[in-house]
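One structure below.
None of the figures in this text is laboratory data; all of them are computed from the coordinates on show. Keep in mind that what you see is a predicted model, and the values were worked out from it rather than measured. Backbone-built Cβ (ideal geometry, glycine too); neighbour counts: all protein chains shown.
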């Protein structure tokens, strides 16, 4: 077994529990990362999603927004019920799911779960316009 330092990020496989958090009828792309963390005050999935997407450096936020814009994801900045412009479609103690639709035929969801090992962050996508 590998010992990880707090803050270490590891690419992992999507498991059935994580995939069940998505509402997409078909998943064409998924990538999942586990951030190994010690227990902190940021214990809810929504707190972690905000930390990952909104409380990062200004340069990173600009790059994220530019990437999502290039993909045609319609963002809703400043609106209630959003994180970094993505609509919250589920938020519970178990997980949070954000949803974005693209005018290019891409539907994306960002999912965060807090587990005993850390925070699992996933991007899932469905392509509807091949």
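For residue 62 and residue 8, compute 0.36 nm times the residue count separating them, minus their Cα-Cα distance, and round to one decimal in nm.
Between residue 62 and residue 8, full extension yields 17.1 nm more.
Could you tell me how far the Cα centroid of region 68-122 sits from the Cα centroid of region 46-62, in Å?
Taking the Cα centre of region 68-122 as reference, the centre of region 46-62 is 12 Å away.
Nearest 0.05, what FRET efficiency do residue 71 and residue 38 give at R0 = 25 Å with Cβ-Cβ as r?
The pair residue 71/residue 38 has a calculated efficiency of 0.15.
Could the peptides 78-89, 111-122 be put in order, highest first, of the mean number of other beta-carbon atoms found within 10 Å of their residues?
111-122, 78-89
Please state the equivalent ellipsoid semi-axes for the chain: what are the square roots of 5 times the Cα gyration tensor eigenvalues, largest first, in whole Å?
24, 18, 14
Cβ neighbours within 10 Å, averaged per peptide: list 12-22, 54-64 in order, most packed at the top.
Descending mean neighbour count gives 12-22, 54-64.
Given the rule -39500 (n - 2.57) for each run of at least 4 DSSP H residues, summed and divided by the residues of the chain, what is its mean residue ellipticity at 222 nm, to the nearest 500 deg cm²/dmol?
-5500 deg cm²/dmol
If you average the sequence gap of Cα pairs under 8 Å that are 6 or more apart and divide by the length of the chain, what percent do you get for the contact order?
Relative CO of the chain lands at 29 percent.
Stretch residue 115-residue 88 to full length: gain in nm at 0.36 nm per residue minus the Cα-Cα span?
In short, 7.7 nm is gained.
Percentage of Cα-Cα pair distances in region 28-96 greater than 16 Å, rounded to whole percent?
58 percent
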